[in-house]
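Inspection log for the structure reproduced underneath, given as structure tokens.
The values are calculated or read from the model by the stated rules, or taken from the named source; none is laboratory data. All values derive from a computational prediction rather than experimental measurement. Here the Cβ positions follow ideal geometry from the backbone for every residue, glycine too, while neighbour counts run over all protein chains shown. Quick note on the areas: whole protein, heavy atoms, side chains included, nothing else; ligands and nucleic acids left out. Shrake-Rupley method; radii C 1.70, N 1.55, O 1.52, S 1.80 Å.
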Amino acid sequence: PNGLTDREVEVLRLAAQGLTTKQIADQLVISPKTADSHIQHIYTKIGVSTRGAAALFAMQHDLVEAVSP
């Protein structure tokens, strides 16, 4: 959705699950700087400026499942 690359979708899924930039980097075996760059590109492409808004976008586009409290 919104022109996201496969890698950006992967990063968005992890961010929407609550992982930090460092945790995303560790999981994907990339540097934190690269993970942050992906996150910034995602924000630009989907038109948001916070992780919460990005997580909502991910849920609305069925990229992650909503977590029940």
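Scanning segment 13-69 for residues that are open to solvent by 90 Å² or more (accessible area, probe 1.4 Å), among the β-branched types (Val, Ile, Thr) and under 13 Å from the mean Cα position of the chain (by Cα) turns up just one, THR44.
Among the candidates ALA53, ALA58, the residue that is in contact with a Leu (Cβ under 7 Å, 6 or more places away or on another chain) and of a type in the set (A, V, I, L, M, F, W, C) is uniquely ALA58.
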